[in-house]
Structures are given as C-alpha cells and as structure tokens.
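The values are calculated or read from the model by the stated rules, or taken from the named source; none is laboratory data. In this text the structure is predicted, and so the values were computed from the model without any measurement. Cβ sites come from the backbone with ideal geometry, for glycine too, and all protein chains shown count toward neighbours. Just the protein is used for accessible areas: all its heavy atoms, side chains included, with ligands, DNA and RNA removed. Shrake-Rupley method; radii C 1.70, N 1.55, O 1.52, S 1.80 Å.
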Amino acid sequence: MGQKEFILQGFTGRTHKDAIHDLFAVANIEKVLLSVAFVSESGVQQIEGLLTKHGAAVSVFAGIRNDITSYQGLSRLSRIDGSTLYAVDTGSRNVVFHPKMYLVRGTTESRLIVGSANLTLGGLNNNVEAGLLVTLNMKDDGDRDIVDQIEAEFAKLPEAYPSHVLLMDSVAKLDALLATGRVTDEMALPPPKPNTSGGASGADAVPRITLIPPTMRRSLKPALPAPAAPALPVPTQIPAPAPKSIGVSLELMWESKALTERDLNIPKGTTTNKTGSVNLDKGLLPEYTDHRHYFRNNVFNALTWSYRSPTVDETYAMFQFVLKGVSYGDFNLAVRHSTSTTSTSYLQNNAMTRLSWGPVVAYVADPSLIGRTLALYRDKADPTKFVLEID
C-alpha cells in the first residue's frame with residue numbers, strides 16, 4: 001500500500017474537495033465509484049466538473065429516505081452523461097445507508113478516500129470532517145485485491161437488494177422519489193430544528209467557530225410569490241396576532257451576507273444611529289432578482305399592508321426566532337416597504353424593505369453574531385407565518 005494521508009477538514013487548510021481533486025490525478029481512469037449517505041445540489045457542484053470528464057466510468061450510490069438527500073442533488077448527478085446513479089432506500093428512516101467512500105481506479109494506480117464526508121457542501125468544505133486518503137498500487141496484488149473487493153461489493157448490491165438499490169435512469173423515477181417523500185426538495189425546507197427552547201435572556205456567548213478554509217455559501221434561488229391575500233379593509237391599527245405554530249415545511253426566501261454591526265443594531269460609529277431594523281437587501285439572491293420589489297411582491301405578498309406615510313407601506317407578521325439552534329419563541333414584527341421608485345435609494349439599488357427587530361433586538365444586539373448569516377423562511381402551508389434564523 002502506497003502513500004496515506006489523514007484529512008481533518010476544518011482545522012487545517014485541506015478539504016475533502018481538495019482531496020477528491022487529487023483522486024482524479026491518477027492516470028488512465030477506468031472506474032469512479034462514490035458511496036455517500038447524503039447528496040445536495042451544492043455538494044455535487046463542487047466536483048461536477050471532475051465527474052463530467054469521466055461520465056461513463058462514474059457510478060454513485062446515494063442514500064435516500066434520510067431527510068437530507070435532495071431531488072436537486074440527485075437530478076444534477078443523473079445529468080452527468082454516461083454515469084450510473086443508484087438511490088439506496090432502506091425502507092426505514094431508522095436505518096440509514098451511511099457509507100462515505102470515494103474511489104478512483106486507474107490502470108497503474110488507484111486512490112481511495114474513506115471518512116465522514118458526504119456529497120454536500122458541508123461534507124466537502126464547510127463541516128469539520130475526517131477522512132483517510134490512500135494511494136493503491138495496482139501492480140501490487142494486495143492493493144489490487146482491495147480495489148477489486150470494493151467494486152465487487154457494490155456491484156452486487158442492485159441484484160441482491162432490488163427493492164432497495166434503485167437505478168435512477170429516468171426523470172420519472174426521480175420525480176417518484178420526490179412525490180413519495182423519499183428525497184427532499186431544496187426549495188421546500190423543513191423548519192430549523194432547535195436544540196431546545198431558550199429563556200428570555202438569550203445569554204449564549206459561544207462564537208461561531210472559525211474554520212480553515214472559510215465557509216462557502218450555497219446558491220439561493222428566489223421563491224415564487226405566495227397566493228395573493230384576499231382584499232380586506234385597511235385597519236386603523238394592526239392588532240398583534242396570537243402566536244401560531246410553524247408548519248412542517250418551509251421555503252427559504254432569503255439569506256443575508258455576513259451580518260454587520262449595523263444589521264445587528266450595534267453600530268460602532270458615534271454618529272451612527274441605531275435603526276432598530278435590518279435591511280432586506282440583495283443578500284445571496286441571484287443577480288437577476290430585483291430585491292427592491294422581491295420582498296413586497298414575492299415574500300410578503302400574502303400579508304395585508306397598510307398606509308404608513310406617502311412613501312412607506314407597513315405590515316405585521318408572526319416570526320419564530322431561532323438563534324444558534326435555540327428557539328426563543330414567536331414575535332410580532334413590523335415590515336416596512338418604501339414605495340417610491342424615484343428616490344435616491346431606489347435608483348442606487350439600495351434596500352427598499354426593512355424588518356423591524358422590535359423585541360428581538362434584545363437577542364440580536366450582540367457582537368458575537370457579527371459575521372453570521374440571517375435566513376428568512378416562509379411557511380408553505382400558511383404564507384403569513386415566517387421563521388428568522390441566525391446561525
């Protein structure tokens with residue numbers, strides 16, 4: 001057995017994405033075999049170019065029915081010309097297909113990674129993951145036997161478990177996985193799962209860990225508008241609605257860039273006033289999305305808006321607030337939208353919609369949150385309810 005390298009992603013500059021690139025440096029690639037528990041579209045994107053170059057040699061075994069593997073991730077794999085994709089369905093959420101292995105076989109040398117990294121953005125770059133990269137000499141009987149055994153074990157799975165190891169060779173089969181809930185839809189996310197409920201103080205001083213290399217952000221697709229709200233008389237005063245439980249499925253509507261002092265209502269400058277709000281700006285929305293209209297027309301369009309001033313409309317909504325995995329309950333918060341399309345702010349493509357922190361400011365006015373991101377989710381079943389998550 002040849003060279004061996006231990007990879008501790010997150011605490012060194014070495015990532016599993018880097019190591020997978022090294023796998024493909026072997027000469028005369030004959031076979032590429034991937035086995036992972038979880039697949040996301042952003043994970044596939046990290047190594048898609050490598051897989052595409054060797055499509056006919058690529059086989060992937062990916063776990064499903066695990067609340068993580070997504071329709072978009074599997075679809076992206078299935079579009080690699082010539083590749084073979086199997087979805088492994090154990091038939092139980094309590095039994096997870098969990099092996100993480102990346103093998104590239106060449107004529108004279110093969111390379112293998114076994115470890116904890118899944119085919120997700122977290123697994124290949126953002127998480128703390130461990131793995132072992134091994135170089136195998138195909139002229140050595142022992143090394144070649146290891147590669148042969150790995151390939152043989154996976155090759156017999158489809159025939160041995162025909163009801164569980166499913167060849168994904170059509171869009172219809174992928175659609176069926178989505179329709180039966182065996183894969184997730186990245187555009188319809190479950191609510192953040194808080195570890196627990198927090199008290200009123202929100203005293204959690206643990207900063208977000210700084211890893212090497214920096215965290216990468218997934219791409220964000222703007223969601224479609226919610227069904228239009230029925231026409232209602234404009235009330236003279238907006239009452240605070242009673243707290244309601246968030247449903248089981250959310251849409252990720254927007255995600256911020258790294259939060260700043262101004263976003264968190266703790267400006268450094270002595271001449272800078274605290275606004276008590278956060279701008280809903282471009283964030284991580286695609287370039288083609290006009291954020292100046294997106295929030296009023298797409299995100300909060302199911303709410304009832306009222307007149308606040310000649311250039312500002314206002315509405316209120318219930319937001320569940322989740323901070324670092326802890327839920328601090330539901331808050332009735334104001335959203336204000338500047339309607340002028342001739343103002344300097346509009347012409348300079350600045351934010352036209354602002355979310356008032358209200359009582360949530362007691363939790364967000366914390367320097368330890370600088371650099372984290374704010375995500376805004378909308379309840380798919382009731383588009384008048386939302387979740388705010390800082391993580």
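Summarising the label geometry, the points placed 7 Å from Cα in the beta-carbon direction at Lys268 and Glu151 lie 5.7 nm from one another.
When Rg and Dmax of the Cα atoms in Å is computed from the coordinates, the matching label among (i) 24.4, 83; (ii) 22.0, 69; (iii) 20.7, 67 is (i).
Site pair Asp140 and Ser368 shows an inter-label distance of 4.8 nm when each label is modelled 7 Å from Cα along Cα→Cβ.
Note: relative contact order over segment 36-82, using C-alpha pairs below 8 Å and six or more positions apart, is 58 percent.
Between Gln46, Gln320, Gln348, find the one with the highest GNM mean-square fluctuation for the chain; connect C-alpha pairs within less than 10 Å. Result: Gln348 has the largest fluctuation of those listed.
Other residues lying with their Cβ under 13 Å from the Cβ of Ala37 contribute a combined charge of 0, Lys and Arg counting +1, Asp and Glu -1.
Look at the alpha carbon pairs under 8 Å that are at least 6 residues apart: their mean separation over the length of the chain gives a relative contact order of 16 percent. Summing +1 for each Lys or Arg and -1 for each Asp or Glu among the other residues whose beta-carbon sits under 14 angstrom from that of Ala19 gives +1. Projecting the Cα positions of Ser340, Thr373, Tyr328 onto the charge dipole of segment 325-391 (unit charges on Cβ atoms of Lys, Arg, Asp and Glu, taken about the Cα centre) puts Ser340 furthest along the positive direction.
Think of a 1.4 Å ball rolled over the protein heavy atoms: the chain then has 47 Å² of accessible area per residue. A 18 angstrom limit on the alpha carbon distance is what I want to check against. Which of Lys17/Lys53; Lys257/Lys324; Lys324/Lys380; Lys100/Lys173; Lys221/Lys385 exceed it? Lys324/Lys380; Lys100/Lys173; Lys221/Lys385, as the Cα separations exceed 18 Å there. All other residues whose Cβ lies under 9 angstrom from that of Tyr377 are scored, Lys and Arg at +1 and Asp and Glu at -1, for a net of -2. Relative contact order, whole percent, for segment 320-387 stands at 26, derived from Cα pairs under 8 Å and 6 or more residues apart. Surface composition of segment 303-370: carbon and sulfur make up 50 percent of the accessible area, probe 1.4 Å.
Simple rule: put +1 on each Lys or Arg Cβ and -1 on each Asp or Glu Cβ in the chain, find the dipole, and look at Ile209, Gly131, Asn118; the Cα lying farthest toward the positive end is Ile209. Structure remark: mean-square fluctuation, Gaussian network model of the chain, C-alpha springs under 10 Å; the largest value among Glu251, Glu314, Glu41 belongs to Glu314. Stretching Gln348 away from Asp382 to a fully extended chain increases their span by 8.9 nm, per 0.36 nm per residue minus the current alpha-carbon distance.
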